[in-house]
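The values are calculated or read from the model by the stated rules, or taken from the named source; none is laboratory data. Model, not experiment: these values are computed from the prediction. Using ideal geometry, Cβ is built from the backbone for each residue, glycine included, and neighbour counts are taken over all protein chains shown. Ligands, DNA and RNA are stripped out before the accessible areas are found, and what is left, the full protein with its side chains, is counted by its heavy atoms. Shrake-Rupley method; radii C 1.70, N 1.55, O 1.52, S 1.80 Å.
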Amino acid sequence: MAPDVVQTYGLNRLPPGVWRASLVAGAVGFGALLAFLAVFARLVRLPSSVPITAPSDMPIVTILLLLVMQSIVAGVTEEAAFRGYMQSMIEQRYGVIVAILVNGTLFGLLHFSNHPSDVLLMLPYYVAVSAVYGGLTYAADSILPALVLHSAGDIVVLTRWWATGRPEWQVGATPPPLAWDRGIDAAFVLYVVTAVALAVVTVRMYGVVRDLRTKSYSQAF
């Protein structure tokens, strides 16, 4: 019996229209992720993290170039491994939702060094991140849009982390009050509504990207 043919997401070229739709949809996904973080921070006490430091005599330009290079390397390797290979392998047998959940869990465990004592607490955040990247990869049938957004997002996140000493999950300088302590206030309700609304819009926009991608395939043959 011949072995099953396994298809993985790769660097599939995309028409300009699919590229534009993918980047816009991914940007909305980032917005949903930020809203989710605002809700998450009101439900649990998110961990602190070690600031990014550099030698005092290192030029700022060198620091920024190192952060950019680290972001690009992380974007390329993580998207190729987690979305390009792992997600596609699991997806073909169990479906995209299971693939994203498993992928996100392992993706979170990979970031153990960022918060070693709170790695399990942070897993919902990394599953949400994987949903943004994994859903976009599924919609575009290519890792390219997620790779670009991942690298660009890491550049912003790492530069902010270096400048402020705060990782991306710490939105403000001081932790917000927990809903369990203060109760459900108007701000918390607004965060929840915004997160749900943006998540719904993201899913719909991913559907548009997938439709455009399917049409581009049909026009090519």
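In table form, for the structure just shown:
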read-out	value
Selection from Leu109, Gly29, Met122, by position along the positive dipole direction of the chain (Cβ)	Gly29
Accessible area in square angstrom per residue, the chain, 1.4 angstrom probe	55
Formal net charge of residues neighbouring Ala25 (Cβ-Cβ distance under 11 Å; K, R +1; D, E -1)	+3
Long-range tail of P(r) for the chain (Cα pairs > 30 Å, %)	28
Net charge over other residues, Cβ less than 15 angstrom from the Cβ of Val196 (K, R count +1; D, E count -1)	+2
Separation in nanometres of the label points that stand 7 Å from Cα toward Cβ, at Ala187 and Leu120	3.0
Three-way shape call for segment 16-65 based on the alpha-carbon gyration tensor, with the a/c threshold at 1.5	oblate
Other-chain or far-sequence residues with amide H under 5 Å of Leu14's (modelled H)	none
In order through segment 169-175: 3J(HN,Hα) via Karplus (6.51 cos²θ - 1.76 cosθ + 1.60), integer Hz, x for Gly, Pro	7, 9, 5, x, 5, 10, x
Pair Ala173, Thr62: separation of 7 Å Cα→Cβ label points (nm)	3.0
Helix runs (DSSP H) in the chain reaching 20 Å along axis by Cα, Kyte-Doolittle at least 1.6	60-78, 96-110
Protection proxy ranking, peptides 48-56, 139-147, average beta carbon neighbours within 10 Å, highest first	139-147, 48-56
Whole-percent carbon and sulfur share, accessible surface of the chain, 1.4 Å	70
Ratio Rg/Rh [Cα only; Rh per Kirkwood] for segment 132-174	1.14
Interatomic Cα distance distribution for segment 155-212, bins of 5 angstrom, percent	4, 14, 13, 14, 16, 19, 12, 5, 2, 0
Between segment 95-146 and segment 35-70, the alpha-carbon center distance in angstrom	19
Gyration tensor (Cα) of segment 11-140, equivalent ellipsoid semi-axes in angstrom	26, 21, 15
Net +/- balance of residues flanking Ala179 in space, Cβ distance below 13 Å, scoring K and R +1, D and E -1	+1
Cα→Cβ-extended label distance, 7 Å offset, between Val201 and Gln70, nm	3.2
